[in-house]
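We did not get these values from a lab; they are worked out from the coordinates using the rules stated. Keep in mind it's a predicted model, so treat the numbers as computed, not measured. No Cβ is skipped: glycine too gets one built from the backbone with ideal geometry, and neighbour counts run over all protein chains shown.
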Amino acid sequence: MSYFKHFPNILYQSPLDNKKSTADYIEIKNLFRRTKLKDYLQGNVSVFNKYVIEDGERPDTISELLYGSSQYDFIVVLTAGITNINHQWPLQDFQMYDLALSKYGSETKMNEVHHYETFEIKDSKGRQILPPNLIVDKDFKMDGSALRFPTNRFTLISQQGNQQLDDKNEYTVATDNIARPVTNYEFEINENEKLRNIDVLQRSYLTTFVNDLRDILRYDRHSRFVSGLLSSTELTNLTS
């Protein structure tokens, strides 16, 4: 991935044990320039499309698909807002079981309840009473339809089919199933699925983006300026 080659360097006071003095510098990539790049990306949202990462796809394969070359894999990563590819790129489906087993220690723990998520509930006039997918605990409860007008009944909406709830003062998770349990394993799968939705640069803006990227990351002239691609930090605690 050619991502880092576009970042300028900085001369940093050497922390190495074999340095000759505190006046020694080492040249490293200045990753703090990502802040300027982030501001640029947030200010140009109209040049991006939504993209769903398919199982097994990588930045280089997406770059090949969208831009005709794998060399722009760093643009896929940048526009997706990814700073840690190991933790922010979705795992393949077959890897999820091993990840969950490693994290929770056993299949029993994997299948324990992580949290509950609400079903959508509407009244007889179609008004939403409870939004779907709210994260709640097992003790969650809500006021029932009996506390409203007698003719206003509540309906629970789910993929398994709609169900009219009893006319009562209160609904709970335990007695009325107004929320479903989500296991630790399901939670990990859902979190991984969220990573599949990214922004990608429209192909027509590719050349402009690459040129802008170089300009954004270059240094302006300042007291520690060496060149557009090199700056230095100040020396501290000088000794020889």
Fill in the blank from the handout: With R₀ set to 30 angstrom, the calculated FRET efficiency between the beta-carbons of N84 and S204, to the nearest 0.05, is 0.55
Completion exercise
Highest mean packing first, using Cβ neighbours within 10 angstrom, the peptides 174-182, 52-60, 122-130 sort as 174-182, 52-60, 122-130
Handout entry: Value of relative contact order over segment 113-182, rounded to a whole percent, pairs C-alpha under 8 Å and six or more apart
Key = 38 percent
Completion exercise
Length gained, T151-N169, 0.36 nm per residue minus C-alpha separation, equals 5.1 nm
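Cross-chain or 8 or more residues apart, Cα under 18 Å: how many lysine pairs in segment 113-182 fit that? Count them up, please.
Details: K122/K141; K122/K168; K125/K168; K141/K168.
Total qualifying Lys-Lys pairs in segment 113-182 comes to 4.
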